[in-house]
Structures are given as structure tokens and as C-alpha cells.
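Trainee: Quick one: the structure is below, and I'll ask about it shortly.
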Amino acid sequence: MKIDAQIAPSSLADVSEIARSAEAAGFDAIWSSETQHDPFLPLALVSEHTERMRFGTSVAIGFARSPATLAYTAWDLAAASNGRFILGLGTQVKPHIERRFGMPWPESPVGMLRELIEAVRAFWQAWQTGEQLNYRSEHYKLTLMTPFFDPGPIEHPNIPIYIAGVNTGLSRLAGEVADGFHAHVYHSPRYLREVVLPAINEGAVSANRSPDEIYLSTAAFTVTGPEEAKRVRSQIAFYASTPTYRPVMGLHGWGETAERLQSLARKGAWDKMAREIDDEMLGTFAVVCEPAELPTRLIERYDGLVDRLTLYMPYVPGQRDNEWNELLHGVQAQTGVA
């Protein structure tokens, strides 16, 4: 199990220091998300200021972009970093795609994402081999690639693609066509074992692939004090209020709580939602322990279950450095993975 870092939503001016410090600390990879900033721009700086550490998007919103723009950006980042880039794609939800990005929401999000991934790889295949670009599907017709617009082959053309999701549809799709799956931070180990992994395996088998080919990556809520408990309760409540995420609560018999949270969210009663998350729920969706116990508890919860683990907190140099060092060294010492 490898331990990764997350870039905080911050100015590009801060990214170089974050990247250098994260690599020196011993993280295996660092991820950039699409929240307040573009997810790709920081990664150009990560590539420039690191030598070993992998990096990627966790995630970039696929439906906000064309296959061509994704293909070009990923190709350049892979070339600049000697193959250390991972393209992580997510679908987002309908209101954000339509009202924040101004793009159409597909009738079949899973089918659309499959075509998007196939289309991106069609560009890469054409550039690497010189073959004619010829990808046709329900949503895309890509047949034009002249030499002027062809970046040509690169040394590391096999760029991993991870997709992100919560429910079985995208989990199955990861098994069919992706190299990895970013499981949502709103999960339990039981949900990963009983819902996510079987769906990934099902998708892999249907595509005549080995499930071992697909990496499972996730982020973890951690609670080592009262302030963190308050923050994590609110975050769990927010995610649990999303109608499409209801199966996570439902697996544990808390469907009625999810309904109450949805009702409170519709009323804008955000301050009341965290009260619905009791101690049992908190311990189900988060690692709750003393700071010194965190490496051991994370290993007990995730080692052998996931391949990559990121804590649900950004890495900021100079903040909590001792805790990060203890976590990294503790996990590495107990798992033998450096």
C-alpha cells in the first residue's frame, strides 16, 4: 500500500515548494483535484520540480472537456515527466456539468465516459504509431489529424487512466477499460469489499482482463481530535445527503438517516446535518484514534484492500510535518513498502 499526498487548493506560486517537499517527505504520488482551480496546471510544476514521485488528477472532470484537450494535456505531462503522470477522470453530477461548466449531461454517463476514454486513447495511438485517427461512436467522430497538429510519439505512451466513482456502474467500467479506480472518500471498508471490488472484478472479467490489473486508490477520513471529528461529521453528512450516494448508507442499514440528510440539504439546513452522524457512523466512515495510533489503524483498515491511500487533508509544507513523517515512516516500516 502506497501513501500519496493531495495538493491543497492554492496559488500556482505555492505548488513548486509543495511538490519538492512532498517528494522529500517520501510520498509515492501527489494528486491535484478540480475544485477551485484547474487540475492540470499545477502538475506541470510538479513534473518540473520532482524526479521520482508520480502525480495525477484526482480528478479532472471528463465531461467538461473534449477528448482532444484531455489527450494533448496528458501526452505533454507524460512526456515531460518521463511517464510519471496518471490521468484521473470523473463525471461530476448533472447540476455541476450543466450549470457550472455549461455542458450537456449525457443520457448514459457510464457509456459517455467509456467513449471518452476510448477516444483519448485513439488520439494517443495515432500519435504514437502514425496510424490514421479514426474513432467513431455515438458521441464522437474523430477522423482528422494532420501532421501540423500531431505531437508525435513519446518515450512513455502508456499513460494510466483512473476513473472515480461511488456506485457499481463506474466501478464496473473501471474493470472494463481503466487502469485504476479512485474510490470516493465517502466509503467504508465493507463497502469497498462488498460493492466496489466485486463490481470492478465483474467488469474486468467481462472484458477478459485480470482484476489484478486495476489499481484501487482511495482517500481516508481521519479523526485524531475533537476539531477533526466536527469537520469530518459535516463532510460525511454532506456526502450522505447526495441521492446517488445513498447505497453507501444503505449497505449499513442507515437509509433513513440518508433520507433525513437529503431533506435537510434541500432546506439548506447545513448546520443541523452533522448531528445526524453518530459515533458509530463516524467510526464506520473514518479512522478514529489517537495520533500515535494512526499508522497502525490505517494499515489495519486498508492494507491488502487498496493499492494507494491518500488522507483526506491537503499536504502543506510546514504544517503537521511531524505527523506526516510519523505516518509515512510508520506505514512503510509496518508494510515494508517504501
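The values are calculated or read from the model by the stated rules, or taken from the named source; none is laboratory data. Remember, it's a predicted structure, so these values are computed and weren't measured experimentally. Neighbour counts run over all protein chains shown; Cβ positions are idealised from the backbone, glycine included.
Trainee: Six or more apart or on different chains, Cβ atoms under 7 Å: show the pairs whose first residue is in region 313-338 and farther than 20 Å from Val223 by Cβ and modelled with pLDDT under 85 and whose second is part of a helix (DSSP H, G or I) and of a type in the set (A, V, I, L, M, F, W, C).
Mentor: Going by the 7 Å Cβ cut-off, the qualifying pairs are Gln334/Ile299; Thr335/Ile299.
Trainee: Could you name every one of the helices (runs of 4 or more DSSP H) located completely within region 240-338 that has at least 2 residues being of a type in the set (S, T, N, Q) and under 30 Å from Ser16 (Cβ atoms)?
Mentor: Helices (runs of 4 or more DSSP H) meeting the threshold: 321-335.
Trainee: How many of the residues in region 56-96 are under 18 Å from Thr244 (Cβ atoms) and within 18 Å of the chain's Cα centre (by Cα)?
Mentor: Matching residues across region 56-96 total 10.
Trainee: Got a sec? Which of Arg114, Arg136 is loosely packed, with under 15 Cβ neighbours inside 10 Å and on the phi < 0 side of the Ramachandran plot?
Mentor: That would be Arg136, the only listed residue that is loosely packed, with under 15 Cβ neighbours inside 10 Å and on the phi < 0 side of the Ramachandran plot.
Trainee: Quick one: in region 264-295, of everything that is exposed (fewer than 11 other Cβ atoms within 10 Å of the Cβ) and among the acidic types (Asp, Glu), which residue is nearest to Val166 (Cα to Cα)?
Mentor: Step by step, filter region 264-295, then rank; the result is Glu280.
Trainee: Looking only at region 21-43, count how many residues are surrounded by fewer than 18 Cβ atoms within 10 Å (Cβ to Cβ), assigned to a helix (DSSP H, G or I) and either in contact (Cβ under 8 Å) with a residue 24 or more places away in the chain or of a type in the set (D, E, K, R) (or both).
Mentor: 1
Trainee: Given the conditions (1) of a type in the set (Gly, Ala, Ser); (2) assigned to a helix (DSSP H, G or I); (3) touching a residue at least 12 places away in the same chain (Cβ under 8 Å), which single one is not true for Ala219?
Mentor: Ala219 satisfies every listed condition except (2).
Trainee: Residues of region 4-20 being hydroxyl-bearing (Ser, Thr, Tyr) and either part of a loop (DSSP other than H, G, I, E, B) or within 14 Å of Arg54 (Cα to Cα) (or both), which ones?
Mentor: The answer is Ser10, Ser11.
Trainee: Any residue at all in region 54-69 that is in contact with a helix residue (DSSP H, G or I) (Cβ under 9 Å, 6 or more places away or on another chain), without any contact (Cβ under 8 Å) to a residue 12 or more places away in the chain and among the charged types (D, E, K, R)?
Mentor: Yes, region 54-69 has at least one match.
Trainee: All but one of (1) within 29 Å of Asn167 (Cβ to Cβ); (2) in contact with a strand residue (DSSP E or B) (Cβ under 9 Å, 6 or more places away or on another chain) hold for Gln332; which doesn't?
Mentor: (1)
Trainee: If you don't mind, there's one more thing I want to ask. Name the pairs whose Cβ atoms lie under 7 Å apart, with the first residue in region 185-211 and part of a helix (DSSP H, G or I), the second surrounded by 19 or more Cβ atoms within 10 Å (Cβ to Cβ) and among the β-branched types (Val, Ile, Thr), and 6 or more positions between them or separate chains?
Mentor: Within 7 Å, the pairs are Tyr191/Val248; Ile200/Ile214; Ala204/Ile214; Pro211/Ile200.
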